[in-house]
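Comments concern the structure below.
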Amino acid sequence: VIQMKDLDLKGKRVLIRQDLNVPLQDGEITSDVRIQASLPTIKAAVDAGAKVMLMSHLGRPTEGEYADEFSLKPVAARLTKLLGKEVGLVKNWQEGVAVAEGEVVLLENVRFNVGEKKDDETLAKAYAALCDVFVMDAFGTAHRAQASTHGVAKFAPVACAGPLLSGELSALEKALANPARPMVAVVGGSKVSTKLTVLDALSKIVDVMVVGGGISNTFVAAAGNEVGNSLYEKDLIPEAQRLCAETEVIYAHDVRVTKEGFSDWNHNSVTEVKVPADIQADEEIIDYGPETAQKVAAILKDAKTIIWNGPCGVFEFDAFAKGTEVVARAIAESEGFSIAGGGDTLAAIDKFGLADGVSYISTGGGAFLEYVEGKPLPAVVMLEERAKG
Ligand code: 3PG
């Protein structure tokens, strides 16, 4: 794959696909992690004297319809602030974009364009016509074969990988291709069904698999326990049993439960620690118990490679956050190489202020999981094809 850093960008029209799909609440950006992560690439292009055009999607709007709530307006404003230079938002780019050397503009949400999601060739060629060099830097969207990620890379005069995309791929390769051992995966979240392919793929390479959250509940049930009111998937019990037979799986052996219903959950919710055998019908598991959390922390302490996706409990509420916090802290304190990905995982790292301790924090959610599953990322495959000539 051609790298952006190896090209002479002076005076060139450079179109960079970023993943600036940030969470918004009432029009305010609630986490700018993805914008921050894209800054080094933008600065490098500016310093090289390129005419910089950025593009990204935001959310999942209806194609062909402009909607204010999906506008990249707040993102352009944040970029302006962080770069210390005006980043204009361009709605009508079809006839060409006026941008001077060292300047930066942002094209409006690519998902407003008809044909974006189905990787339409006409649209891809229209993007390609804007530039001399296309830079694919959106790791978080590299699993989507869409006009702004895959199609444009096919038709642009030159297509290369940006530093963020390349950095993400090297970190993942370091963790997965030839990991230092022992290697431990922590896979949390609510459902086995959405993570089954990831669990399967990781079970073949890790030394220990730690499961948390609702996923752990299914393993607790698979071991023959009643789990009361807890979230779990009965029909995936055979899969859980199979995984346990194939690899060393750690799940909760003590749990934190609550009797409170979902709508009453709060930072001071009343909880109790129990062994699974004592769980009552009206109780719900919402976190690891302290012994499980300590056991997992001890395993992580000696790990040389750690891959983490998904929380171990409902960490959004302080009353249910201890398990995730102990595990997150152990990952951050471990001397091994640690990589974390996924929206909830990043939110947990943020909540506990542990970003400095994790070796690599991926900007990818779905893309991170698909890479771990061993699936090819279509946008990266296209760059590889272009590099072959
Ligand atoms: C993400 O947030 O995972 C990426 O930006 C991709 O978004 P999508 O799932 O809407 O394609």
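Looking at 236, 196, can you tell me which residue is more than 15 Å from residue 310 (Cβ to Cβ) and in the same structural domain as residue 313 (by TED's automatic domain parsing)? Please lay out each step first, then the result.
Values: 196 fails: more than 15 Å from residue 310 (Cβ to Cβ).
Only one candidate passes the filter, namely 236.
Would you confirm, using the coordinates I've provided, whether residue 78 is modelled with pLDDT of 95 or more and assigned to a helix (DSSP H, G or I)? Yes.
Test residue 89 against the criterion of being touching a helix residue (DSSP H, G or I) at 6+ places or on another chain (Cβ under 7 Å), buried (at least 17 other Cβ atoms within 10 Å of the Cβ) and in a loop (DSSP other than H, G, I, E, B), and give yes or no.
On the way: touching a helix residue (DSSP H, G or I) at 6+ places or on another chain (Cβ under 7 Å): yes; buried (at least 17 other Cβ atoms within 10 Å of the Cβ): yes; in a loop (DSSP other than H, G, I, E, B): no.
Judged against the criteria, residue 89 is not a match.
Could you say whether any residue in the range 306-324 is in contact (Cβ under 8 Å) with a residue 24 or more places away in the chain, within 16 Å of the ligand (Cβ to nearest atom) and assigned to a loop (DSSP other than H, G, I, E, B)? Yes. Taking the range 189-297 and the helices (runs of 4 or more DSSP H) fully enclosed by it, the elements with 1 or more residues that are in contact (Cβ under 8 Å) with a residue 60 or more places away in the chain and at negative phi are at 192-203, 213-222.
Annotation: of all residues in the range 345-367 being within 14 Å of the ligand (Cβ to nearest atom) and touching a helix residue (DSSP H, G or I) at 6+ places or on another chain (Cβ under 9 Å), the one that is nearest to residue 187 (Cα to Cα) is 345.
Conditions (1) away from the ligand (no atom under 16 Å from the Cβ); (2) in the same structural domain as residue 133 (by TED's automatic domain parsing); (3) surrounded by 15 or more Cβ atoms within 10 Å (Cβ to Cβ), marked per residue:
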| site | (1), (2), (3) |
| --- | --- |
| 8 | yes, yes, no |
| 11 | yes, yes, no |
| 14 | yes, yes, yes |
| 18 | no, yes, yes |
| 22 | no, yes, yes |
| 27 | yes, yes, no |
| 35 | no, yes, yes |
| 40 | yes, yes, no |
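Take the residues in the range 196-238 that are touching a strand residue (DSSP E or B) at 6+ places or on another chain (Cβ under 9 Å) and among the hydroxyl-bearing types (Ser, Thr, Tyr), then tell me which one is farthest from residue 277 (Cα to Cα). Looking at residues that are touching a strand residue (DSSP E or B) at 6+ places or on another chain (Cβ under 9 Å) and among the hydroxyl-bearing types (Ser, Thr, Tyr), I get 203. If only residues of the range 68-86 that are within 15 Å of the ligand (Cβ to nearest atom) and of a type outside the set (Val, Ile, Thr) are counted, the one that is surrounded by the fewest Cβ atoms within 10 Å (Cβ to Cβ) is 69.
From the list 318, 287, 278, exactly one residue is within 24 Å of residue 222 (Cβ to Cβ), in the same structural domain as residue 213 (by TED's automatic domain parsing), surrounded by fewer than 23 Cβ atoms within 10 Å (Cβ to Cβ) and not hydrophobic (A, V, I, L, M, F, W, C). Which is it? Answer to the check: 278. I'd like to check something: does the range 153-161 contain any residue that is away from the ligand (no atom under 16 Å from the Cβ), without any contact (Cβ under 8 Å) to a residue 40 or more places away in the chain and in a loop (DSSP other than H, G, I, E, B)? Within the range 153-161, one or more residues are away from the ligand (no atom under 16 Å from the Cβ), without any contact (Cβ under 8 Å) to a residue 40 or more places away in the chain and in a loop (DSSP other than H, G, I, E, B). Scanning the range 44-67 for residues that are surrounded by 14 or more Cβ atoms within 10 Å (Cβ to Cβ) and either of a type in the set (A, V, I, L, M) or farther than 11 Å from residue 110 by Cα (or both) yields 44, 45, 46, 48, 49, 50, 51, 52, 53, 54, 55, 58. Checking residue 184 against (1) within 16 Å of the ligand (Cβ to nearest atom); (2) within 30 Å of residue 286 (Cβ to Cβ); (3) not basic (Lys, Arg), which test does it fail? Unmet for residue 184, out of (1) within 16 Å of the ligand (Cβ to nearest atom); (2) within 30 Å of residue 286 (Cβ to Cβ); (3) not basic (Lys, Arg): (1). Within the range 325-344, the residues that satisfy the criterion of being part of a helix (DSSP H, G or I) and either within 16 Å of the ligand (Cβ to nearest atom) or not β-branched (Val, Ile, Thr) (or both) are 325, 328, 329, 330, 332, 333, 343, 344. Determine whether the range 116-130 contains at least one residue that is within 27 Å of residue 171 (Cβ to Cβ), aliphatic (A, V, I, L, M) and modelled with pLDDT of 95 or more. So far as the range 116-130 goes, no, none of its residues is within 27 Å of residue 171 (Cβ to Cβ), aliphatic (A, V, I, L, M) and modelled with pLDDT of 95 or more. Reported count of residues in the range 112-143, each being surrounded by 22 or more Cβ atoms within 10 Å (Cβ to Cβ), within 16 Å of the ligand (Cβ to nearest atom) and within 24 Å of the chain's Cα centre (by Cα), is 9.
The values are calculated or read from the model by the stated rules, or taken from the named source; none is laboratory data. None of these values were measured; they are calculated from a predicted model. No Cβ is skipped: glycine too gets one built from the backbone with ideal geometry, and neighbour counts run over all protein chains shown.
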